[in-house]
Amino acid sequence: MKGAVDQKGYEAISEVAERTRVALEANRFTDATNLWGSTETAVGRNTYGIDFYNILKKITGKSLTYKTRDGKYLNLYSSVI
C-alpha cells in the first residue's frame, strides 16, 4: 500500500507540527494557532489535496495560494467534497 505522503512531505509536515507544539507548550497560543493553520496547509500541500479533517476523502477543485500580511503563504481550496 502506498502512503499519501512521501519522506520529503513527512519531514515538511513534521517540521511545522513541531514548531506548533513548541509554541503551544510555551503558552504562545496566538503563534500556535497560526502555526496550526500552517500545519493544515503543509498537509494539504504534501498530500496533494487530502482533507485535513477527513483524511479518507481527497479534495478536488481549484487551489489558490494567498499571501498574508505577515508574508506567510496559505493554500485555500475551492472544492466540492
| Complete set of residues in the range 11-35 that are surrounded by 15 or more Cβ atoms within 10 Å (Cβ to Cβ) and of a type outside the set (D, E) | A12, I13, V16, A17, R19, T20, A23, L24, A32, N34, L35
| said: Show the residue pairs meeting these rules: Cβ distance below 8 Å; 6+ apart or different chains; first residue within the range 25-45 and under 14 Å from D70 (Cβ atoms); second residue of a type in the set (G, A, S). | reply: D31/A23; L35/A23
| task | Among the numbered conditions (1) hydrophobic (A, V, I, L, M, F, W, C); (2) in contact with a strand residue (DSSP E or B) (Cβ under 8 Å, 6 or more places away or on another chain); (3) at pLDDT 90 or above, tell me where A12 comes up short. | result | (2)
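The values are calculated or read from the model by the stated rules, or taken from the named source; none is laboratory data. If you're wondering where the values come from, they're calculated on a predicted model, not measured in any experiment. All Cβ positions, even for glycine, are placed from backbone atoms using ideal geometry, and neighbour counts span all protein chains on display.
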